[in-house]
Amino acid sequence: MTNPRHVAVIDIGKTNAKLALVDLDLLSEVAVRTMPNTVLADGLYPHFDCDRIWTFILDGLAVLNRQMPIDAISVTTHGCAAALIGDDGALAMPVLDYEFAGPDAVDADYVAVRPTFSETGTPRLPGGLNLGAQVFWQERTFPAEFAKVRTIVTYPQYWAYRLSGVLANEATSLGCHSDLWDPHRRTFSSLVAGQGWEKKFAPVARASDRLGPILPELAGSLGLRAGVAVHCGIHDSNASLYPHLLQRAAPFSVVSTGTWVIVMSIGGRPDGLDAARDCLLNVNALSNPVPSARFMGGREFSTLVQGVEDCSDADLAHVLENGIMLLPSLLQGSGPFPHRKHSWIGDEASLTSGQRFAGVSLYLAMMSATCLELTGAAGPVIVEGPFAKNRVFGAMLSVATGRDVLASSGSATGTSIGAALLAAEGTRPDISFQVISALPQLVGDMACYAGKWRQATS
């Protein structure tokens, strides 16, 4: 069977939803549509606006197909979300926003039944960041509504189900600090059986599996040809990792940046991970466990820096020479310093916008370097997402780790490209990279700064 050329990728991040048409011959997005991903406050609890997202998906597929005929569809989304589906095939309960603190109300009861870190590689996280805690809270808080739930599927697979009519789960989303997956045995964790949820979870498929053709009625209404394949889909950070898994041998690490900064170390240290510092085992598209750590770096950056995309060398030199430092953590409850309140060393109020950009970028690099250390990373570090364009971040990360930091020099990486490659098994992407290095005259100052930052956070 000939591999598809044009793959429509539904890419739903926590902040924005995107629909991209990927040309697999060029390994590039050739058309993109986006919209904000909003959270609704009505109903049982804060939840994602799935009706609006669905309209966005359908409208976008029709528009993109008129530009270039779509050959296949793939899906990638943020983690920590699941769809609870009733007998009628519709949502029995809204898709909970994982930042909602509601599940904390049953924390003591949940902690008593959740699996150990040694079983799942999942740390206990606040709010709905453990997907198992979401389901546990939903069942106990809304028993009448939960009784109507027939099937539970992870979030990428919900959208694949809406398109294909086939219900499935998938390991990268189940293995995303959910408490629901045992990455060592590659099956559901003891929590699922212990809570009697086995019959509710749909069967597990591979991320690349073709669930089926798009539903005929959708193909007709959208103008797609009959038989367009819908693939199972993947968690977004693992979509970023997937092209590198196909091209590169261990050891190496990927720093996937977006709302979250997620460090995944292929060939890293799977034992000795510190659950108290937001280390975990992710599961990659090949179903293998991956030592990982993360923090909400994209959200921190957007909170602290607005309207600035770079700084001058003088701005950076000013911050380094004056020892102006942001210390963790702006957003508490996750990351390598989950209980530490952020503070500045030096006069934050006097910083220009460029100097603030430099200071925050240095902070994000040191946080990422900490995550790499915690996962036992070795080999080159590949930066994916928005921070790949941040030269201060990349330079400081290189100095702080003492390793090559690479950014892809083309467009052949990222979540949409990774998700599109699921539809073309056997394809080995040819990705070229740019090595990010510090300005030679600032390497010494950066190394000194890194040492002082580590001392201040020890």
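We did not get these values from a lab; they are worked out from the coordinates using the rules stated. Since the structure is predicted, the reported quantities are computational estimates derived from the model, not experimental observations. For neighbour counting, all protein chains shown are included, and Cβ atoms are generated from backbone atoms with ideal geometry for every residue, glycine included.
The share of alpha-carbon pairs in segment 200-306 lying farther apart than 20 Å comes to 56%. Per residue, the chain reaches -9500 deg cm²/dmol at 222 nm when only DSSP H runs of four or more residues are counted, each adding -39500 (n - 2.57). About its Cα centre, the dipole of segment 237-457 is roughly 380 debye, where the only charges are +1 on Lys and Arg Cβ and -1 on Asp and Glu Cβ. Taking Cα centroids, how far is segment 131-182 from segment 312-365 in Å? With segment 131-182 and segment 312-365 each reduced to a Cα centre, they are spaced 38 Å. Sites listed here are trypsin sites (Lys or Arg not before Pro) in segment 256-355 whose DSSP assignment is loop and whose Cβ has at most 15 other Cβ atoms within 10 Å: Arg340, Lys341. What nm value, rounded to one decimal, do you get for the distance between Ala447 and Met35 when each label is placed 7 Å out toward the C-beta? Going from the Ala447 label point to the Met35 one covers 5.2 nm. Taking a point 7 Å from the Cα of Arg454 along the Cα-to-Cβ direction, none of the residues of segment 317-353 has its backbone N closer than 16 Å to it. For the chain, list the DSSP H helices whose alpha carbon atoms reach 20 Å or more along the long axis and whose average Kyte-Doolittle value is -1.0 or above? Long hydrophobic helices here: 50-67, 353-374, 443-457.
Rg and Dmax of segment 84-243, both derived from C-alpha coordinates alone, stand at 16.3, 52 Å. Shown here are the Rg and Dmax of the Cα trace of segment 86-179, at 13.6, 39 Å. When every Cα-Cα distance of segment 352-435 is counted in 10 angstrom steps from zero, the calculated P(r) takes the values 17, 41, 31, 10, 1 percent. What translational diffusion coefficient, in µm²/s and rounded to a whole number, does the Stokes-Einstein relation yield for the chain at 10 °C and a viscosity of 1.306 mPa s, taking the hydrodynamic radius as the Kirkwood radius over Cα pairs? The calculation lands on 71 µm²/s. Pull out a ≥ b ≥ c, the square roots of the eigenvalues of the alpha-carbon gyration tensor of segment 178-247, then state rounded if a/c is under 1.5, prolate if not and a/b is larger than b/c, and oblate in the remaining case. In terms of gyration-tensor shape, oblate. Remark: C-alpha extents of segment 1-152 on the principal axes read 52, 36, 29 Å, sorted largest to smallest. Here the translational diffusion coefficient of segment 271-344 follows from Stokes-Einstein with Rh set to the Kirkwood radius across Cα pairs; for 20 °C and 1.002 mPa s it amounts to 145 µm²/s.
Here is the list for segment 284-380: GluC sites (Glu not before Pro) lying in DSSP coil, each with at most 16 other C-beta atoms within 10 angstrom of its C-beta, are Glu309. Each Cα pair under 8 Å and six or more residues apart adds its sequence gap; the mean of these over the residue count of segment 237-457 is a relative contact order of 25 percent. Mean separation of Cα pairs under 8 Å and 6 or more residues apart, divided by the residue count, gives the chain a relative contact order of 16 percent.
Here segment 237-457 is treated as an ellipsoid with the same Cα gyration tensor; its semi-axes, largest first and in whole Å, are 29, 19, 15.
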